[in-house]
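Worksheet: the structure to be examined is printed underneath.
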Amino acid sequence: WSSDVCSSDLTITAAKADYEYGSTGANSFSKTSLKTGDDISSVTYRYYESDGTTLLGTAPTAVGSYVIKASVPVFSTGSADNYTFTYNQGTFQVTIKAITIAVDSQTITYNDSPASNSYANPSLVPGDVIGSVSYTYYDSTNTTSLGATQPTAVGTYKIRATGATFTSGSDSNYN
C-alpha cells in the first residue's frame, strides 16, 4: 500500500503599482489557493521594461510604464515545497511629477535694458537641477502671447515660464 501527496497549485500576482516620479511606496502581491494555516510574508520583485523581457537591475525611477513580476515567496508558515507556483505579472507605472515654476514680478523703465527674469525654484526630486527657464510674455489679460522677447513699450504684461532645461535630471519626468 502507498500514498501520494501531491502539491497544490498556488498563483502569486504582483499588484499594479503607480508612483509619482521621485516618490516611493510598497509593492504588494496577491495569492490565490493558499492552504489554511500557510502564509507568505514576502516575495522578490523583479522589474522589466514594458516589453516584459528586458530585466532591469533595480526598481525603475524614470517616468514610464514597466512590468513587475513577483517570485521567490518567503513562507512565514507552511512550506514552498507543498506548492506548484504560477506567477502573474503586474504593471509598474512611474507618473509625471507636477511642478509649478513661479516667475518673480519685475518692473523696468521704458528704454532701459531688459531685466533678467527670475523664478522661485520648484520642489524637485533631490539631484535634479534646473539650469535655465524659458519665458513667454502675454498681454495684460494673459490671453495673447507676445512671444519670448521682453516687451519694451509702456504697459503691464504677464510672464509665464514655458520651459525648463535641466542640468541634472530630465524635464520628461515633470510637467
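Where the second residue is part of a loop (DSSP other than H, G, I, E, B) and hydrophobic (A, V, I, L, M, F, W, C) and the first is surrounded by 14 or more Cβ atoms within 10 Å (Cβ to Cβ) and lies in the range 58-83, which pairs have Cβ atoms under 7 Å and are six or more apart or on separate chains?
That search, which allows pairs on different chains as well, returns 63/96.
Can residue 125 be described as within 21 Å of residue 8 (Cα to Cα) and within 31 Å of the chain's Cα centre (by Cα)?
no
Hey, among 136, 141, which residue is out of contact with any His (no Cβ under 8 Å at 6 or more places or on another chain), open to solvent by 70 Å² or more (accessible area, probe 1.4 Å) and over 30 Å from residue 25 (Cβ atoms)?
Of 136, 141, the one residue that is out of contact with any His (no Cβ under 8 Å at 6 or more places or on another chain), open to solvent by 70 Å² or more (accessible area, probe 1.4 Å) and over 30 Å from residue 25 (Cβ atoms) is 141.
Restricting to the range 1-47, count the residues that are within 21 Å of residue 96 (Cβ to Cβ) and open to solvent by less than 70 Å² (accessible area, probe 1.4 Å).
So the count comes out to 8.
The values are calculated or read from the model by the stated rules, or taken from the named source; none is laboratory data. What you are looking at is a predicted structure, and each value in this text was computed from that prediction instead of being measured. With ideal geometry, Cβ positions are generated from the backbone for all residues, glycine too; neighbour counts draw on all protein chains shown. The area values use the complete protein model at the heavy-atom level, side chains included, leaving out ligands, DNA and RNA. Shrake-Rupley method; radii C 1.70, N 1.55, O 1.52, S 1.80 Å.
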